[in-house]
Structures are given as structure tokens and as C-alpha cells.
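Worksheet for the structure shown next.
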Amino acid sequence: MYMTKSPDDSVTRYDPTFTFGGYTLFAPHGGTDAWLIDMEGRICHRWRLASKPGSGMTLLPNGNLLVLSKTGKEPTTFLGTGGGELHEIDWDGNVVWRHEDEYMHHDFKRLASGNTLINRHVLIPEETASTVRGGIPGTEHESGMWGNAYREITPDGKTVWEWLGYEHMDPVVDVPCALCPRSIWGYVNGIDTTPEGDVVGSFRHLNNLVIADRTSGAIKWRWGRWELGHQHNPTVLDSGNILVFDNGYHRLPPHDLRTTVSAEGYSRVLEVNPRTDKIEWSYEAKPPTGFWSHICSSAQRMPNGNTVICESGSGRIFEVTKEGKIVWQFVSTFYENMGRYGMTNLVYKAKRYGADDPALAGKDLSPHKYDWVLHRTTDGISERVY
């Protein structure tokens, strides 16, 4: 890993009057570090990870980092996902809790009870898989068709609740995108819970948000088929609305074919009311193509009404007001070799924490102790040193 610029160059916009402030957590995709930066882009804390992080990480109220790590041994890597181990790491970098599940992927949530909700792959019975419509013909995997499950585990790893998607999904209604492989039905890339305990899932290959009833398991709400395109990071807001990053990839054409706006090639952040199916807030760039990430990405609503957005493909994390004004912008200068993507500054998602957040209480957040991270070379390029 190396950095192409100094941290002073990474924050390209900062209006202290209108930002929420605080500290931003992110991990360069493909690296083995997680970083906490201040509003000026200075590094205030670093976690060394045992392996490359998966798609999710969060700070717990006690200041520990909960992160999904890729082991490289997952039997379902052919599905394009990674996970395998969930680590809780204290402020000093010690692993204080671990859960291993080779089928775990993408997302998780630590519940108020102390239990953890995880997202995992499950093999679909052939009699069900044969009824699923859609997807690219002939792209089934030799092992069969895979689906999604949610599982709630106790701190000692015992399963206390499980939801098997294929038992409640409808092969006629829940049709995979015509440009997606039939090796997986649904492809959940993000989860959250409602106050009632129901689970909200982002079914990427269905272009749908789905709410599963905690008690019955039944799907009680679907939305997005004609709005979303391979969306990520559904988040339940205090109002009950759901915030989601709409990537726009493989988005279906709008019902009104008279529109002059292309169905894909631009991203949005949407706030949808699940009681009315209405979009109550959205962020789009002007022109729309100025905001685009076909993979990953996240959005987070802050207490002051602003929204922090991670545009993964460009490594850009920015904060917008309710009116859509950009008041803070950071472009990651951490680059990794991501194979087919080459050298990239891709960041899967980011999360902002207020200066008074319990997770940061009593913590040393001085950026000066990380001055050693950068080394200024004679050609003006800053490189990471260890």
C-alpha cells in the first residue's frame, strides 16, 4: 500500500460551519488497516488487522472495532464475496472476541442484547432452485444455487434465531437481474434491523430492499425494483424511513420511457418511507453522472440532518446538507492493488462518529503520533512506511 499525496491534500472541501464534525472510520479495500481520521484528514487512530477486511466494520460503544475479515478460505469465494471471521478488536489492537463462519459475508449488526446478527450464504435445495426465474442462463455453479440466511448468535456462538431466505422468497416475484449470474439468488450485501426486530436486507441482484418479519419470517415489504440498481447499505432511520445508497448499476429503465435520463451510469442516495413507498429525500449530482460508483458504497444520516456518503469507486467520502450542498469532502490517498481493478483507492464504506460519541470517550485522538505513517520522497510522493 502507498499514498499518492500528503494528508493535507486529501480533504478538498471543509466548511466547519455546516458540517456535523467528528471522526471518520474507513478501511482501504484490499489493505490490512482500518483508519480513523479527523475533519482535516489527519490520522487519529489505526487498527492493524490480521487479514483483509470484508465489507463491514463499526465502532462499538466501548470503543472496540467490530470488523468482518476475509480468511481467503471461504468455500463460496466464487460468488464474489468474502468474510469468514468476525473480530472484535480493542483500542490497542487486541482481538477480544472472534466468531468463525466460513459462509458469513458482507454485513453484520451487534444487537442491544449483546448478540450479533450475521449475514451468510446457504445452499438452496434443488427443488426450490429449479423454480427460480431470471438471471443469465447457464451460469449456475456446479455446487448448486446459493441463497441468503440471517443468523443471530450469542457471544459464545450459539444460534438463537435463523431466517432462510429461500423459504420465504417468491420465485415469480423475486426475479434476479437479467445481467446477473444464477449462481446466487438475492445476494444480500447489507442488513439492518427495525425497532420491532424485523430485518431489512439489500438484495443486490433483485434491485430490491426487503423487510423480513422477525416472528413469522414472512417478507412484509419489498421496494426498489423500478428505482434501485444494485444498491448497498440500507439503514433504518429514527423516523422509520430507510436510507440507501442506490448505485444505479443495472438499474431498470423507468416506467415513463419518455424520459431523457439514462437508467444507469449515475448513483443516488435515497430516503424511502416503507409505509407509503415514497422517496422523501434524495441526493443526486448535477449533472447526475458526476456521482457514480457501480460497486460497494454507503450513506449515513447524521444527527444534524446532514448525510455522510462514501462513493467507493472513487475513494471519495463526503458530507452533504439536506439541501444537497457538499460541506466536507475527503478523497482517500491510500492505494491497493485490487487485481482486476489494478491500483485503486477504493473504500467499501465509511462511518462518521461525533466527537462526543461514547466509542471515543477518553481515547487519545492526537494526530501527531501518526506522523511516522508518511515519508516524503524527493519526487513529492508520500509513501507508507512501517
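The values are calculated or read from the model by the stated rules, or taken from the named source; none is laboratory data. Quantities reported herein were computed from a predicted structural model and do not represent experimental measurements. Neighbour counts are summed over all protein chains in view; Cβ atoms, including those assigned to glycine, are modelled from backbone coordinates with ideal geometry.
Points worth noting:
- Some residue of the range 286-296 being modelled with pLDDT of 90 or more, assigned to a loop (DSSP other than H, G, I, E, B) and among the β-branched types (Val, Ile, Thr): yes
- Screening Gly72 on (1) assigned to a strand (DSSP E or B); (2) surrounded by fewer than 17 Cβ atoms within 10 Å (Cβ to Cβ); (3) modelled with pLDDT under 95 shows it passes everything except condition (1).
- Looking across the range 310-354, the residues that are surrounded by fewer than 19 Cβ atoms within 10 Å (Cβ to Cβ) and within 13 Å of Gly31 (Cβ to Cβ) come down to Asn337, Met338, Met343.
- Screening Thr58 against (1) in contact (Cβ under 8 Å) with a residue 60 or more places away in the chain; (2) more than 30 Å from Leu365 (Cα to Cα) leaves a single unmet condition, (2).
- If you go through the range 224-241 and keep only what is farther than 16 Å from Pro171 by Cα and out of contact with any Gly (no Cβ under 7 Å at 6 or more places or on another chain), you end up with Gly224, Trp226, Glu227, Leu228, His230, Thr235, Val236, Leu237, Asp238, Ser239, Gly240, Asn241.
- The range 154-196 - residue that is in contact (Cβ under 8 Å) with a residue 40 or more places away in the chain, surrounded by fewer than 21 Cβ atoms within 10 Å (Cβ to Cβ) and aliphatic (A, V, I, L, M) and, of those, farthest from Asn233 (Cα to Cα): Val160
- Residue in the range 321-329 that is over 30 Å from Glu271 (Cβ atoms), at pLDDT 80 or above and under 19 Å from the mean Cα position of the chain (by Cα) present: no
- Among (1) more than 23 Å from Tyr266 (Cβ to Cβ); (2) not in a loop (DSSP other than H, G, I, E, B), the one test that Pro155 misses: (2)
- Scanning the range 106-153 for residues that are surrounded by fewer than 21 Cβ atoms within 10 Å (Cβ to Cβ), of a type in the set (Gly, Ala, Ser) and on the phi < 0 side of the Ramachandran plot yields a count of 6.
- Going through (1) part of a strand (DSSP E or B); (2) touching a helix residue (DSSP H, G or I) at 6+ places or on another chain (Cβ under 8 Å); (3) more than 21 Å from Ser282 (Cβ to Cβ) one by one, Asn189 falls short only on (3).
- Val200 meets the conditions (1) surrounded by 15 or more Cβ atoms within 10 Å (Cβ to Cβ); (2) among the hydrophobic types (A, V, I, L, M, F, W, C); (3) under 18 Å from Glu271 (Cβ atoms); (4) in contact with a His (Cβ under 9 Å, 6 or more places away or on another chain) in every case but one. The failed one is (4).
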